Amino acid sequence: MGKRAIVWLSVLWIVVVVAGVSSAITLRISGGVLPSSEQSDGTVVVSQEEYQMIERYRRLDEVRGILESDYYKTLDEDKLVLGAVRGMLSSVSDPYTFYYTPEEMQQMAERSQGVYEGVGLLLSADKDGMLVVLRIFEDSPAIEAGVKPGDIVLAVNGETVGASDARQMDAAIQMIRDFSGETLELTLRRGKKVENVSLTPRTITMQRVTHQVLPGDIGYIMIYEFMGDDATGFISAVNDLKQKNVKGLIIDIRSNPGGLLTDVVKIADQLLPAGLVVYTQDRGGAREEYYSEESHWDVPMAVLVNGMSASASEILAGALQDYGVAKIVGEKSYGKGIVQTMLPFRTDGAGMQLTTASYFTPKGRSIHGVGIEPDVLVKATVAVGGAPDLENDAQLKAAYDLLTKKK
């Protein structure tokens, strides 16, 4: 599927180029649907379908030509091509389908490794299209400046930002990530209060999984994202908690925006008996299934979710719920039941991300636009992201009470 998509895009831009230089060659339309071929006299024979595609995209080259010849300023052709590519992807009206420049792809790779220059914030979009702080990493400029989970980022260095779609959100995050000065200023809204905070970026190391033992021998694991060191960190946490003979396990994936499908399957494999974890299905009906093996940790479990638990978080929660091995506690999850594929372009290091399939829980549930309904509905009483707080965190306390009653 990924290879076909790459080939199609390459063919498309070859077609655009052909349309632009069509005066230098002769096109002859064949009656069938045979692939194009060059004749001995230099004539290129194309199929009816190919010719229709060339005609369809001829306008794009016409517009480019007019801009280059008549616009009152000299234009950067690379920017024109980038704008055309991004415009094409934005026209599908999918907030998860967009293009990455080589620089943006490199930044993605650095972030997935967990070490980068920044201020220590994990940001995402809320359902109102605002840029919200999900997590603050330990020993970071953000935590030192008093930034809190749940804060809304209104502006970066005085420039208004938002997150009405993935491209706008990425642009806002990139403004923070690419900042090269000494002090970064964020305008934050916390409740009704708006304030400015100043942060000095430095090298940040992200740890995607933390764990500890709560009173009464209840294990607690928080997963921040499903990428980087998440799978190895989770397995290490499970092994440590097993050695400490905990009697139950709370998995906290509140405000976890998701990540890699392969990673969440590895984590689910630690918790589920042999069987289907999740399956995806593309528009043609092709189905791909992901399974867990028989060996797993059989311990009473509760999973914490909220309205910002999305994508891979919902895959994990949905599978555990379907198998009946864990109770889901908290609030209804985000409802992102579609899968994206990252396609790199080997020529220059750029890439594109596009939605390629829907995913379904083991029982065939699609949660897209619906979310995971918790078994125990509990409203939030604290902002997510700090240390476990059994006294003030009603959702955590509810999960804890479920497990301690089963001891």
* Structure fact -> If each part is reduced to its alpha-carbon centroid, segment 60-98 and segment 254-284 end up apart, in Å, by 37
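Pick out, in residue order, every one of the GluC sites (Glu not before Pro) in segment 100-150 that is DSSP loop and has at most 13 other C-beta atoms within 10 Å; say none if there are none.
Glu138
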* **Inter-label distance for Asp401 and Arg86, nm, one decimal - labels placed 7 Å from Cα along Cα-to-Cβ** => 5.0
* Asked: Considering the chain as a Gaussian network with a 10 Å cut-off on Cα pairs, which listed residue, Gly284, Gly324, Gly275, attains the greatest mean-square fluctuation?
  -> Gly284
* So what's the angle, to the nearest 10 degrees on a 0 to 90 scale, between helix 230-243 and the longest Cα principal axis of the chain? -> 20
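I need the shape label for segment 193-338. Rule: rounded when a/c is under 1.5, else prolate if a/b > b/c, else oblate, with a, b, c from the alpha carbon gyration tensor. Intermediate results must be reported in sequence, preceding the final value.
Working: a/c = 1.66, a/b = 1.13, b/c = 1.47.
Oblate, because a/c is 1.5 or more while a/b does not exceed b/c.
With r defined as the distance between the Cβ atoms of Asp78 and Trp297 and R0 fixed at 51 Å, what FRET efficiency is calculated, to the nearest 0.05?
So the FRET efficiency works out to roughly 0.45.
A 19 angstrom limit on the alpha carbon distance is what I want to check against. Which of Lys244/Lys327; Lys192/Lys332; Lys336/Lys363 exceed it?
On the way: Lys244/Lys327 22 Å; Lys192/Lys332 25 Å; Lys336/Lys363 17 Å.
Going by Cα-Cα distance, Lys244/Lys327; Lys192/Lys332 fall outside the 19 Å limit.
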* Largest-first principal axis extents, alpha carbons of the chain, Å -> 84, 51, 31
* For segment 304-403, which GluC sites (Glu not before Pro) are both in a DSSP coil and crowded by at most 13 other Cβ atoms within 10 Å? -> Glu391
* To do: Provide the FRET efficiency to the nearest 0.05 for the Gln243-Ala387 pair, computing r from the beta carbons and using R0 = 22 Å.
  => 0.50
* On Cα atoms only, tilt of 77-90 relative to the major axis of the chain in degrees -> 60
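Taking loop as defined by DSSP and a crowding limit of 13 other beta carbons within 10 Å, which trypsin sites (Lys or Arg not before Pro) in segment 187-222 fit? Please report the intermediate quantities before stating the final value.
On the way: sites: Arg189, Arg190, Lys192, Lys193, Arg202, Arg208; in loops: Lys192, Arg208.
Listed in order of number, the matching sites are Lys192.
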* **Two-site FRET efficiency, Lys193 against Glu49, from Cβ-Cβ distance with R₀ of 45 Å, rounded to 0.05** => 0.15
* Which value in deg cm²/dmol, rounded to the nearest 500, describes the helix-derived mean residue ellipticity at 222 nm for the chain, given -39,500 (n - 2.57) per DSSP H run of n ≥ 4 and division by the residue count? -> -10500 deg cm²/dmol
* By how many degrees, 0 to 90 and rounded to 10, does the Cα axis of helix 166-177 deviate from the longest principal axis of the chain? -> 70
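Any read-out appearing in this document is the output of simple, stated calculations on the displayed coordinates, not a laboratory observation. Please read all numbers here as calculations on a predicted model, not as lab measurements. A quick note on method: Cβ atoms are made from the backbone with ideal geometry, for glycine too, and the neighbour counts reach across all protein chains shown.
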